[in-house]
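**Student:** Here you go, one structure.
Taken together, the values in this text are just the output of simple stated rules run on the coordinates, not laboratory data. As the structure is a computational prediction, the values presented were derived from the model and not from experiment. Every residue, glycine as well, gets a Cβ built from its backbone with ideal geometry; the counts of neighbours run over all protein chains shown.
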Ligand code: SF4
């Protein structure tokens, strides 16, 4: 693995609600290395997006608050930067793309206007140079007739094309880190594969790191070298993707893997998918002990009262469960 690009240490985030303060992220720690893709995986409500928004300091304050931790990037703790310093990091050094590009693109401006504005904000270019660079960027994300596209509005493009435009905007300043929050969820399967291929080739070309947020383990196998599985704001298992998919140690990870659609048929038999019973708990009604215990088929007495601590198996693997490694 390359040098550490981003180091998240014991991050805790809470939200103030009419029912009191609820903890959305409970002290997670992870490192993103240069040139790697790390996937944060889990069902909706597990704290993945809150983690990503914390890195960019885009949480809806004051309702959301980072109550503990450090986020170290280029030797600085992002949590101690002032708003001006943070604006410089966003876009120039760390960019983010979202599931629905329509929420990020301005519907009343042409793509050219939006790309040029981004470039003029962060780069010392004149308008003509910014326009030419914008066309280059659209070409790089494999959009045909880029000069023509610059004159179009977001609604004139398909969902897949809009996501390519968002990727072009995110790459405008050649960031060191791209955070991709469910970048393919809204797209059909063929376009999903194309966008993942594109991200993979851009990662290599720009030497950047990707923090991929997804609920979809299929996406993970395509491009992530490592995964961190989250459940109810906790980090439950982290390690290299191939090893975790083959030999998970945490029952939640195993449940996610078993519920993954697979194109596998034995003879004429179609295998039924198994599902994890129940759903992610409401964060203001977190079960005591292990938060996963009401859904876990390996649950035993300690799980109901004692929160499991993280076990570091070696430099690459850790998981939080009362079971011994290799039990499930
Ligand atoms: Fe299941 Fe217990 Fe492990 Fe939680 S700690 S995942 S309930 S076995």
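**Student:** Sorted by mean Cβ packing within 10 Å, highest first, what order do the peptides 40-49, 280-289 take?
**Tutor:** Ranking, from highest mean packing down: 40-49, 280-289.
**Student:** While we're looking at this one, here's another question. Express in whole angstrom the spacing between the alpha-carbon centres of segment 174-204 and segment 107-136.
**Tutor:** Between the Cα centre of segment 174-204 and that of segment 107-136, the gap is 22 Å.
**Student:** Using only the alpha carbons of segment 199-328, what is the convex hull's orientation-averaged projected area in square nanometres?
**Tutor:** So the Cα hull casts an average projection of 10.0 nm².
**Student:** Take the alpha carbon atoms of segment 82-102, find their center, do the same for segment 209-264, and report the distance between the two centers in whole angstrom.
**Tutor:** What the calculation gives is 26 Å, centre to centre.
**Student:** Right, here's the next one. Take segment 70-210, drop everything but the C-alpha atoms, weight them equally and run the Debye formula without solvent; then report log10 I(q)/I(0) at 0.11, 0.12, 0.13, 0.17 Å⁻¹ to two decimals.
**Tutor:** -0.40, -0.48, -0.56, -0.95
**Student:** Oh, and also: For the chain, find the longest principal axis of its Cα atoms and tell me its angle to the long axis of helix 83-92, 0 to 90°, nearest 10.
**Tutor:** Between helix and principal axis, roughly 80 degrees.
**Student:** Another question, then. Starting from a Cα-only point model with no solvent, please compute log10 I(q)/I(0) by Debye for segment 1-77 at q = 0.12, 0.24, 0.27 1/Å.
**Tutor:** -0.35, -1.19, -1.38
**Student:** What nm value, rounded to one decimal, do you get for the distance between residue 324 and residue 304 when each label is placed 7 Å out toward the C-beta?
**Tutor:** 2.4
**Student:** Mind pulling the angle between the C-alpha long axis of helix 111-122 and the longest principal axis of the chain? Nearest 10 degrees, somewhere in 0 to 90.
**Tutor:** 80
**Student:** Sort the following peptides by mean Cβ neighbour count (other Cβ atoms within 10 Å, averaged over residues), highest first: 106-113, 30-37.
**Tutor:** Result, highest mean first: 30-37, 106-113.
**Student:** Rounded to whole Å and sorted largest first, list the principal axis extents of the Cα atoms in the chain.
**Tutor:** Here the spans come out as 68, 57, 41 Å, largest first.
**Student:** Follow-up. Just to be sure I follow: if Rg is taken over the C-alpha atoms of segment 30-129 and Rh is the Kirkwood radius over the same atoms, what is Rg/Rh?
**Tutor:** Dividing the radius of gyration by the Kirkwood radius yields 0.99.
**Student:** With just the Cα atoms defining each centre, how far is segment 1-49 from segment 271-325? Give it in Å.
**Tutor:** Answer, in whole Å: 17.
**Student:** With axes computed from alpha carbons, what is the tilt in degrees of helix 127-140 against the longest principal axis of the chain, rounded to the nearest 10 within 0 to 90?
**Tutor:** 50
**Student:** Now for a different question. In segment 146-167, which residues have a backbone nitrogen under 16 Å from the label point lying 7 Å from residue 136's Cα in the Cα-to-Cβ direction?
**Tutor:** 146-147
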